[in-house]
Amino acid sequence: MAAAASSSYLSTKPRFDSFICPRTTQSSGVVLPATTVSFSRRRNLRFGGVVCESVVAAVGDHPKVEGESEKGRVLRVGLICGGPSAERGISLNSARSVLDHIQGDDLHVSCYYIDPNLNAYAISSAQACLHGIFWLCYSNLVGMFIQILLPILILNLKGKSSMRILPGTRFPDSDRLCRTPSCTVDIVFPVIHGRFGEDGGIQELLEKSNVPFVGTRSKECRKAFDKYDASLELKEQGFITVPNFVLQGSELDESGLSRWFFDNQLDASSGKVVVKPTRAGSSIGVTVAYGVTDSLKKVREIISEGIDDKVIVEIFLEGGREFTAIVLDVGSNFDCQPVVFLPTEVELQSSNSDDVSEKDAIFNYRRKYLPTQQVVYHTPPRFPLDVIQKIREGASILFKRLGLRDFARIDGWFLPSSASTSSSEANDFGRTESGIVLFTDINLISGMEQTSFLFQQASKVGFSHSNILRTIIQRACLRFPSLSSYCSESIPSPRRLNSSKLGEPFPKEQGHRKVFVIFGGDTSERQVSLMSGTNVWLNLQVSGDLEVTPCLLAPGNDVSSEVNDVHDQKDVSSRTVWSLPYSLVLRHTTEEVLDACTEALEPDRAALTSHLRKQVMDDLANSLKKHNWFTGFDISDEPPMKYTLEKWIKLAKEVQATVFIAVHGGIGEDGTLQSLLEAEGVPYTGPGFSASRTCMDKVATSLAVKHLTNFGILTINKEVRRKEDLLNASTSDIWHEVISKLHVKPYVSSQQEMDVQQEWQDSGKFTITCCAEDLGVYVKALEDCLPRIPPNSFAKVQDDIAHGLIEMPVPPPEFLIFEPFIETDDITIVSKSTNENERLLWEGCSRWVEITVGVIGKRGSMRSLMPSVTVKESGDILSLEEKFQGGTGINLTPPPLSIMSSDALMRCKERIELIANTLELEGFSRIDAFVNVDSGEVLVIEVNTVPGMTPSTVLIHQALAEEPPVYPHRFFRTLLDLGSERFM
């Protein structure tokens, strides 16, 4: 029966558009293209050398967009991202976020990418090529996009004359491109962080070409971006500054630095200082040094690494407390009226270890952008009220005196009265009764990632992501007479986003549907779950007919024992779920969200926040109400609400909500949460209880599809061992027993740990190819409950390539699986190759490659998305930054035809669909497998029923590769609709 059913299924494929909404529209009003991307024999449009100047010179005309009325023109915004600094990944995240939240009927976005060599790429200029923007912003790897993906995209650039600029056209000079009817915009929004974006580089080119842009002018950028020049300007303006010394060039002034140490009463051999580049943002290259010799060493490292050739050494502010504040200009025309939002205190959490690096903790690049429990944010800061007022006053004065425009972020320190600092003039600005306020860094283009300071602070005073970004753009338009028509008419009022009012009855009269997005939990994937849930929540909010509530599943009382093979239903039902207001979701870790919930319910803290919030909102409203385009705030001030899981599920039933599950691992993926929801008849996303339980167990998954061998679907033999047996037996004996049974070199993985391959290194999975001693190291790590195994703890493998950090499952699993090591062909991106034919390297010896594939649809008719092939860049092990930052990663969608033919790809997709339907998947899931590039045979690795849904998830790449492309908002809405129809 199974064989007959399988054969019948392979002959009939469901259509993707049977469950995707009509291709001509989407909820944001963007017209989707009727044509699609061609993935073969395309060349990229590249502008080399001085070409950045050419690109900005070509955006001055105003061709009419299809569907635009004479009454109200569509504002065309040019988004410029990338750049030469190490912050390209952050820039790409910012571009993605801006694109997500400003695109609409009244605003059209074109996107440009500047590569590290300042070559400019026009990604798209018309709605017919909108997928080009999304491919860039959601691509895993910036370098890969330019080298591999961009050449296969259609760059159909249109101007007034509808003249088509063919892909492959190169513009040798700016004058040539200026005369070419090209992709046009009304105003440019630069989102390049660091060099070229904040140092005045891109602004100067825009000014030369008379192109309106958002943000500060080039001259003021140059002065504010250089930390040393900015400190001189601050001192001249009467502000207290941190004593510093500048070093530049190849011959460093050691004697001058020694005198500076002496003058500031610092010990020449051990005085503690901070060393940082003057012209690099995001704390890149910032480090702590001790004494003159160590300081010079750190300076030389910064210079030799090419970060900057101008470095400053400044006093380490012992006892200081760091803060950052967003400033928004709400004036008219050239009248600057800065309003400072509620500042954020940056609290570094240090452990009790004796590690010197812990004591030297600073807010560096890693702590700023990656999920870590080493940093906690407090908005408003836990400072005395007079200090908070002084910060807001000082940041506003600085904004005006430095000539900044539209918005900025200003960082600084509060030194309590007990903390020591150098003497300064009594009348210097920054003194309060409680201590001293110092401003240190000016950020001209603040980060705009989903959870950035801009959105954290804006949400505290009533702005959603979309509202604050559009306010910034509209404010910039006021300075340009040619754009006055965009500011003269009122736009529809923003929809009020009531994120935490779970108990309201279902608003049938308004046609709104309730959606609860749940994320968090207590597995090692909880931080990824927070990222996934936040992304889902923000994408679903775009739909005007939904009321979406973000909900955090809190950890159990004892995190170290949170994952058990059998969950006690009573204990699970008593777990805590928090419904969250908008601003509390925007955090980096679940622990930080929980702390923020507790803090928000403290009476004194809540009263202070409400008082300060009203002050800021009154300041904003007094100026913004003068502008027709501003129609109000759209985020209300609400406290978080606490429920038991049981009560939360009953509430979901009462208000007829659909639950979007984004809890990775644990009860979110083993069928427990699904079972509880089914019992109450609450619809939810993803596979049901039975399929979830099967797929969570890798052995059960293999057994469920083992009978499909005749259809080209293979499974990997497995040997299961209890952890206790491993701890109590000789590792040498176990090693030889496993080799004997499997007949090959094995690797170890945890039986019931979710694989989050796109966002996190495989938990506890590694390859043993040398000796039983390696297994002994692994078993010892299990016994000691280590959260990770340090790099190079195991023997070297072939080609002398060492392993990187191995993340271990916490707590250790009760069962472990030994599997044969599958030899596959590495696909490598050589980012530094100048030969286009050598940038994608693949030897093709074994004919097997690793893929990951999303499946979507209803039970029994699941549809395979376009598979992604796993690649690596230059053979290097991916760092934590590469795994978490958008713009980096290890997947290429679709597999290049040079590796896998269309026929083999089609057969592969058919087999993936057969696997999905055999396992009775529904909604959506992700299947990881090996595929034979010739036959399309599939060797199953594992199935993820709650796959990662972060902003750069591979599922978004695959949805964009569909015909027509399915954009992120539409994709997540489709997944929700499939869940809502579960019980229909």
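The values are calculated or read from the model by the stated rules, or taken from the named source; none is laboratory data. Not measured: the values here are computed from a predicted model. Backbone-built Cβ (ideal geometry, glycine too); neighbour counts: all protein chains shown. Ligands, DNA and RNA are stripped out before the accessible areas are found, and what is left, the full protein with its side chains, is counted by its heavy atoms. Shrake-Rupley method; radii C 1.70, N 1.55, O 1.52, S 1.80 Å.
Using the structure shown, decide if Glu773 is at pLDDT 70 or above, acidic (Asp, Glu), open to solvent by 20 Å² or more (accessible area, probe 1.4 Å) and in a helix (DSSP H, G or I). Spelling it out, Glu773 is indeed at pLDDT 70 or above, acidic (Asp, Glu), open to solvent by 20 Å² or more (accessible area, probe 1.4 Å) and in a helix (DSSP H, G or I). For Leu786, the conditions (1) at pLDDT 85 or above; (2) within 27 Å of Arg526 (Cβ to Cβ); (3) open to solvent by 50 Å² or more (accessible area, probe 1.4 Å) all hold with the exception of (1).
Of everything in region 587-630, what is open to solvent by less than 30 Å² (accessible area, probe 1.4 Å) and acidic (Asp, Glu)? Give them in sequence order. Once the filter is applied, which keeps residues that are open to solvent by less than 30 Å² (accessible area, probe 1.4 Å) and acidic (Asp, Glu), region 587-630 yields only Glu592. Of the residues Pro965, Pro947, the single one that is more than 24 Å from Phe689 (Cα to Cα) and either acidic (Asp, Glu) or part of a loop (DSSP other than H, G, I, E, B) (or both) is Pro965. I need the full set of residues from region 580-609 which are of a type in the set (D, E, K, R) and touching a residue at least 60 places away in the same chain (Cβ under 8 Å), in order please. Of everything in region 580-609, those that are of a type in the set (D, E, K, R) and touching a residue at least 60 places away in the same chain (Cβ under 8 Å) turn out to be Arg587, Glu591, Glu592, Asp595, Glu599.
I'm checking my understanding of the structure. Among residues of region 78-122 that are assigned to a strand (DSSP E or B) and among the β-branched types (Val, Ile, Thr), which one is nearest to Gly447 (Cα to Cα)? The residue in question is Ile80.
Here is a yes/no grid of residues against (1) in a loop (DSSP other than H, G, I, E, B); (2) of a type outside the set (Phe, Trp, Tyr); (3) open to solvent by less than 20 Å² (accessible area, probe 1.4 Å):
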{"site": "Ser270", "(1), (2), (3)": "yes, yes, no"}
{"site": "Ala280", "(1), (2), (3)": "yes, yes, yes"}
{"site": "Thr293", "(1), (2), (3)": "no, yes, no"}
{"site": "Leu296", "(1), (2), (3)": "no, yes, yes"}
{"site": "Arg300", "(1), (2), (3)": "no, yes, no"}
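Scanning region 196-214 for residues that are buried (at least 21 other Cβ atoms within 10 Å of the Cβ) and over 22 Å from Cys487 (Cα atoms) yields a count of 9. For Val655, the requirement of being in contact with an Asp or Glu (Cβ under 9 Å, 6 or more places away or on another chain) and either crowded, with 18+ Cβ neighbours inside 10 Å or over 15 Å from Gly521 (Cα atoms) (or both) is met.
Can you find even one residue in region 215-228 that is over 22 Å from Ala86 (Cα atoms) and open to solvent by less than 10 Å² (accessible area, probe 1.4 Å)? Within region 215-228 (the criterion being over 22 Å from Ala86 (Cα atoms) and open to solvent by less than 10 Å² (accessible area, probe 1.4 Å)), the answer is no, since none of the residues qualifies. With the structure loaded, tell me whether Ala289 is touching a residue at least 60 places away in the same chain (Cβ under 8 Å), of a type outside the set (D, E, K, R), crowded, with 19+ Cβ neighbours inside 10 Å and not in a loop (DSSP other than H, G, I, E, B) or whether it fails that test. So Ala289 fails the test. Scanning region 285-320 for residues that are within 29 Å of Arg405 (Cβ to Cβ) and of a type in the set (Lys, Arg) returns a single hit, Lys310. State all residues of region 631-651 that are open to solvent by 30 Å² or more (accessible area, probe 1.4 Å), β-branched (Val, Ile, Thr) and over 22 Å from Asp595 (Cβ atoms); if no residue qualifies, say none. Within region 631-651, Thr631 is the sole residue that qualifies.
Number of residues in region 234-268 that are modelled with pLDDT of 95 or more, touching a Leu at 6+ places or on another chain (Cβ under 7 Å) and surrounded by fewer than 16 Cβ atoms within 10 Å (Cβ to Cβ) equals 0. Could you tell me whether region 479-494 includes any residue that is at pLDDT 85 or above and part of a loop (DSSP other than H, G, I, E, B)? Yes: region 479-494 contains one or more residues that are at pLDDT 85 or above and part of a loop (DSSP other than H, G, I, E, B). With respect to (1) open to solvent by less than 10 Å² (accessible area, probe 1.4 Å); (2) in a helix (DSSP H, G or I); (3) modelled with pLDDT of 95 or more; (4) within 30 Å of Tyr486 (Cβ to Cβ), the lone exception for Phe189 is condition (2). Out of region 255-268, which residues are within 16 Å of Val242 (Cα to Cα) and in a loop (DSSP other than H, G, I, E, B)? Within region 255-268, Asn264, Gln265, Leu266 meet the criteria. With respect to the conditions (1) modelled with pLDDT of 95 or more; (2) in contact with a strand residue (DSSP E or B) (Cβ under 8 Å, 6 or more places away or on another chain); (3) surrounded by fewer than 18 Cβ atoms within 10 Å (Cβ to Cβ), Glu680 lacks only one, and its number is (2). Taking into account only those residues within region 944-964 that are open to solvent by 10 Å² or more (accessible area, probe 1.4 Å) and more than 18 Å from the chain's Cα centre (by Cα), which is nearest to Thr523 (Cα to Cα)? Per the stated criteria, the residue is Glu962. Listed by position, the helices (runs of 4 or more DSSP H) contained in region 662-720 that have at least 1 residues being under 15 Å from Ile941 (Cα atoms) are 689-696, 698-705. Among the residues of region 398-414, is any in a helix (DSSP H, G or I), open to solvent by less than 30 Å² (accessible area, probe 1.4 Å) and either modelled with pLDDT of 90 or more or aliphatic (A, V, I, L, M) (or both)? Looking for residues that are in a helix (DSSP H, G or I), open to solvent by less than 30 Å² (accessible area, probe 1.4 Å) and either modelled with pLDDT of 90 or more or aliphatic (A, V, I, L, M) (or both), one finds at least one in region 398-414, hence yes. Scan region 301-319 and tell me whether some residue there is modelled with pLDDT of 90 or more and among the hydroxyl-bearing types (Ser, Thr, Tyr). Taking every residue of region 301-319 in turn, at least one turns out to be modelled with pLDDT of 90 or more and among the hydroxyl-bearing types (Ser, Thr, Tyr).
How about region 644-668: which of its residues are farther than 27 Å from Cys695 by Cα and touching a Phe, Trp or Tyr at 6+ places or on another chain (Cβ under 6 Å)? Matches in region 644-668: Val655, Gln656. For a quick check of your reading of the model, give me the residue pairs whose first member lies in region 688-708 and is in contact (Cβ under 8 Å) with a residue 40 or more places away in the chain, whose second is basic (Lys, Arg) and not in a helix (DSSP H, G or I), with beta-carbon atoms closer than 9 Å and at least 6 apart or on different chains. Final answer for the pair search is Gly688/Arg859; Gly688/Arg982; Ala691/Arg859; Lys698/Lys718; Val699/Lys718; Ser702/Lys718. Taking region 607-634 as the range and being outside any helix (DSSP H, G or I), of a type in the set (S, T, N, Q) and out of contact with any helix residue (DSSP H, G or I) (no Cβ under 8 Å at 6 or more places or on another chain) as the test, only Thr631 passes.
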